[in-house]
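So the structure is just underneath, and the comments pick up after that.
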Amino acid sequence: MPDFNLVAQPSASPTKCRFCGDFAGPMIDTRVDDPVYGRIYICAPTEQRTGCVGQIAQMCGLRSSADVDLLAAQVEDLQGRLDDLMRAKGTITLTWDEFIGLQRVLGENTAANGVGIFFDNVR
């Protein structure tokens, strides 16, 4: 198996991607010389294009470093939002009598007053 090499521009003929025909680098030099076609290059991804290598990688389930960075930033943002929500969450433990008293103060329809009462581990 040949050792592939990333080159800024192809130097051996033909100086283009074997798959799409693009001449713009960077390219993967496969170091394979076809007797009829010549040197086989595959266009690499750039900010402007996915390139044939990028398309092959995506088909294999791989992601670009830009995609990974974006996903990592989204995870960090969501984790921060979750941490904020967990800090803001308040828990009040009431006896049944205290709950009934609170309900009398707030009224029968506590949701209409903007108060949500949730039961956790009620037995």
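We did not get these values from a lab; they are worked out from the coordinates using the rules stated. In this text, all values refer to a predicted model and were calculated from it rather than measured experimentally. Virtual Cβ from ideal backbone geometry, glycine too; neighbours counted across all protein chains shown.
Has segment 44-54 got at least one residue that is touching a helix residue (DSSP H, G or I) at 6+ places or on another chain (Cβ under 6 Å), surrounded by 14 or more Cβ atoms within 10 Å (Cβ to Cβ) and either outside any helix (DSSP H, G or I) or not aliphatic (A, V, I, L, M) (or both)?
First, the residues of segment 44-54 that are touching a helix residue (DSSP H, G or I) at 6+ places or on another chain (Cβ under 6 Å): 44-45.
Now drop any that are not surrounded by 14 or more Cβ atoms within 10 Å (Cβ to Cβ), which leaves 44-45.
Still in the list and also either outside any helix (DSSP H, G or I) or not aliphatic (A, V, I, L, M) (or both): 44-45.
Yes, there is a match, as at least one residue in segment 44-54 is touching a helix residue (DSSP H, G or I) at 6+ places or on another chain (Cβ under 6 Å), surrounded by 14 or more Cβ atoms within 10 Å (Cβ to Cβ) and either outside any helix (DSSP H, G or I) or not aliphatic (A, V, I, L, M) (or both).
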(message) Considering only segment 8-28, I want to know if a residue exists there that is outside any strand (DSSP E or B), polar (S, T, N, Q) and within 33 Å of the chain's Cα centre (by Cα).
(response) yes
(message) If I filter segment 57-80 for residues that are of a type in the set (D, E, K, R), within 29 Å of Asn5 (Cβ to Cβ), under 24 Å from the mean Cα position of the chain (by Cα) and assigned to a helix (DSSP H, G or I), do I get at least one hit?
(response) yes
(request) Tally the residues that are farther than 21 Å from Gln58 by Cα and hydroxyl-bearing (Ser, Thr, Tyr), restricting the search to segment 3-46. (result) 4
